[in-house]
Amino acid sequence: MSWSDTFDLQNRLMLALSQYQWSAAAKICEDLITRIYQEPSPYPEAAAREVLAALRKKRQFVLSARVSEALIRSGQNAPRVRRQYAQALIDQGVLLAPEAVLQALTLDPLDGNSEVAEAHGLLGRLYKQLYVNISNPSNRYARAFFERALSEYFQTYRLDPARNSWHAINVVALLQRGRADGIDVKQAPDADALANAVLASLPAPSTATESFDLATRLEALVALGRTTDAERAALDYTAHPGADAFEIASTLRQFNEVWRLKTDTPPGSTILPLLRAAKLQREGGALDTSPSQVQPEIDRVHQAAKQLEKTFGEDGFVTLRWYEKGLQQMKLVARVDRLSGKGHGTGWLVRSDEFFPNDLFPDGPRILLLTNAHVVNQDGTDGALAPDDARANFQVLGRVFQFAPRVVWSSPPDQLDATFLAFGDDRPEPTGLTIFTKKVKYTEPPARMYIIGHPGGNDLRLSLNDNVLLGCSDRLLHYRTPTEGGSSGSPVFEAEDWRVAGLHHAGGTLERLDGKQPPYEANEGINMLAIKAGIAESPASRP
């Protein structure tokens, strides 16, 4: 029977998305698209809605657009499918094609038709984005885009205020933005009165079942200048289990682009770091920021956490503290450079007493750099650098350090692939990453693993994508965290508290650690406990 396996397909896709396995999700979607064109009957509407909703939650807009286009071309012409298609295009920055799709959806009567209301709202979003993109209120098209966005939102809200509060809060945001841009809107509603009406229509935070109600409440409080209440609302919103990556990112975009909140002044100084942290944690993304911006971001997050804790107590700050600690780890990761300054690999700081007996360093514990033996070894063999041909470039600190001429300890690439290097007279501060001292265990659902390194020998990057633990043994960890050449020697962190569980050293088609077939595409790290055991069994050299 055609499409009898829709439930199995949805389960496989949702599992891949929940584990941030983007490549696996893409393969499932490609297979689905192929079948959509081959099957004699359209893909069932209910199943289509589930698939597109799952892709949207994880912000997989490219996949969502491709699947929805295939669905529409094969005869699945349901309004929600067409609306999701338009939304996926808008969220990729494609703003011309979705306009016609949404205009066609609005031809149906609006009364009681949620898809028509959603289409009007998305048209408002589209024209709002066009206005924001112009970034010049005196441009001859800007006023038209602004007023069209305002009309789409406000008329839809007026026809059903109880259901369309999110349209109303966008009216408030546009009116505030227009006022700041010097746009005089004739016969416009009072923004403060509308924001208060929105607040009155929403359920109390303790009874709210929908996360978007909490997002709307947050924005209304920002509009009214109720900073402390807005901070509390931001905590409620980011803690809600239904606030997915798509919603958090949409809220963050609204505050950045329309409200133009700043991280150095309230309420942006507390709300923006909280939203950024929640987005990063939910989407399995990566932190793309210049190394010079890491310390300012740490300072902003730390200040936000202090301010929120002072106001609301200690509860509810797990996400901010987790984010801050992840940022702090970036300061202790270096790019291993050639003398020319070209990136060659990655290394990170450890304390000598975490691995070696105290008598190896009679003057007290030293700070060392740990990397792969195939990145640096004593003789510079097999493509590695010798210590005097390498430098440790700490981009966040803006410092470059030389190594002592002899390695402290090394194990060949076909064994533990690890090299410990001491620094010369000029040394980093004596702080190292925390080592995970427990045995890594495979669980269901799989644990997540994070990497901080220099992929491709480029700038520092914190990678959270596609990052599940696939298998583990006493010596090895296999995981699906994406890496590139240059990531060799990166620390592999466990998810709970940013402790280093492994030393990344390779990737490719690997034999499974559980002995099952077939092999899989994975990355491989050396278990930190195995490195400790290897050091205990063999002597180290005093640098």
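The values are calculated or read from the model by the stated rules, or taken from the named source; none is laboratory data. From a predicted model like this one, the values you see are computed outputs, not experimental measurements. Glycine also receives a Cβ, built like all others from the backbone with ideal geometry; neighbour counts cover every protein chain displayed.
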Q) Which residues, counting only those in region 210-262, are out of contact with any His (no Cβ under 9 Å at 6 or more places or on another chain) and not in a helix (DSSP H, G or I)? A) LEU224, GLY225, ARG226, HIS240, PRO241, GLY242, ALA243, ASP244, TRP259, ARG260, LEU261, LYS262
Q. When both residues are 6+ apart or on different chains and their Cβ atoms are under 8 Å apart, which pairs have a first residue that lies in region 7-30 and is over 13 Å from PRO445 (Cα atoms), and a second that is in a helix (DSSP H, G or I) and not aliphatic (A, V, I, L, M)?
A. GLN10/GLU50; LEU13/CYS29; ILE28/ARG12; CYS29/ARG66
Q. Looking at LEU470, LEU513, LEU433, LEU477, which is the one that is surrounded by 14 or more Cβ atoms within 10 Å (Cβ to Cβ), free of Cβ contacts under 8 Å to residues at least 60 places away in the same chain and part of a loop (DSSP other than H, G, I, E, B)?
A. LEU513
Q: Mind telling me which of the residues ALA142, ALA65, ALA117 ends up being closer than 21 Å to TYR43 by Cβ, surrounded by 16 or more Cβ atoms within 10 Å (Cβ to Cβ), in the same structural domain as ASP184 (by TED's automatic domain parsing) and small (Gly, Ala, Ser)?
A: ALA65
Q. Does any residue of region 356-378 turn out to be more than 23 Å from the chain's Cα centre (by Cα), within 25 Å of ALA506 (Cα to Cα) and acidic (Asp, Glu)?
A. no
(Q) Of all residues being of a type in the set (Lys, Arg) and surrounded by fewer than 18 Cβ atoms within 10 Å (Cβ to Cβ) in region 244-293, which is nearest to ARG59 (Cα to Cα)? Just the residue, please. (A) ARG253
Q) With respect to PRO267, is the statement that it is without any contact (Cβ under 8 Å) to a residue 60 or more places away in the chain, over 25 Å from ALA495 (Cβ atoms), not assigned by TED's automatic domain parsing to the domain that holds HIS454 and not charged (D, E, K, R) true? A) yes
Q. Checking LYS325 against (1) modelled with pLDDT under 95; (2) under 34 Å from the mean Cα position of the chain (by Cα); (3) part of a loop (DSSP other than H, G, I, E, B), which single condition isn't satisfied?
A. (3)
Q. Going by the conditions given, is ALA304 assigned to a helix (DSSP H, G or I) and within 26 Å of ARG480 (Cβ to Cβ)?
A. no
Q. Of the residues that sit in region 400-449 and are closer than 20 Å to SER488 by Cα and acidic (Asp, Glu), which one is modelled with the lowest pLDDT?
A. ASP414
Q. Which residues, counting only those in region 31-44, are in a helix (DSSP H, G or I) and surrounded by fewer than 14 Cβ atoms within 10 Å (Cβ to Cβ)?
A. ASP31, THR34, TYR37, GLN38
Q. So is GLY364 in contact with a strand residue (DSSP E or B) (Cβ under 7 Å, 6 or more places away or on another chain), outside any strand (DSSP E or B) and modelled with pLDDT under 95 or not?
A. no
Q | Sole residue being of a type in the set (S, T, N, Q) and assigned to a loop (DSSP other than H, G, I, E, B), chosen from THR319, THR311, THR346, THR289 | A | THR289
Q. Which one is surrounded by the most Cβ atoms within 10 Å (Cβ to Cβ), of the residues in region 79-98 that are under 20 Å from the mean Cα position of the chain (by Cα) and small (Gly, Ala, Ser)?
A. ALA88
Q.
So if I check each of GLN19, GLN76, which one is buried (at least 19 other Cβ atoms within 10 Å of the Cβ) and out of contact with any helix residue (DSSP H, G or I) (no Cβ under 8 Å at 6 or more places or on another chain)?
A. GLN19
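Conditions tested, residue by residue: (1) over 28 Å from the mean Cα position of the chain (by Cα); (2) among the β-branched types (Val, Ile, Thr).
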{"residue": "LEU159", "(1), (2)": "yes, no"}
{"residue": "LYS186", "(1), (2)": "yes, no"}
{"residue": "PRO189", "(1), (2)": "yes, no"}
{"residue": "SER206", "(1), (2)": "no, no"}
{"residue": "THR216", "(1), (2)": "no, yes"}
{"residue": "THR227", "(1), (2)": "no, yes"}
{"residue": "ILE248", "(1), (2)": "no, yes"}
{"residue": "THR251", "(1), (2)": "no, yes"}
{"residue": "TRP259", "(1), (2)": "no, no"}
Q. Does any residue of region 147-164 turn out to be touching a Phe, Trp or Tyr at 6+ places or on another chain (Cβ under 8 Å) and at pLDDT below 95?
A. yes
Q.
Given the options GLN103, GLN87, name the one that is without any contact (Cβ under 8 Å) to a residue 24 or more places away in the chain, assigned by TED's automatic domain parsing to the domain that holds TRP259 and assigned to a helix (DSSP H, G or I).
A. GLN103
Q: Answer yes or no as to whether ALA53 is in a helix (DSSP H, G or I), in contact with a Phe, Trp or Tyr (Cβ under 8 Å, 6 or more places away or on another chain), small (Gly, Ala, Ser) and over 23 Å from ARG158 (Cβ atoms).
A: no
**Q.** Residue match in region 472-485 (condition: closer than 27 Å to ASP299 by Cβ and in the same structural domain as PRO519 (by TED's automatic domain parsing))
**A.** no
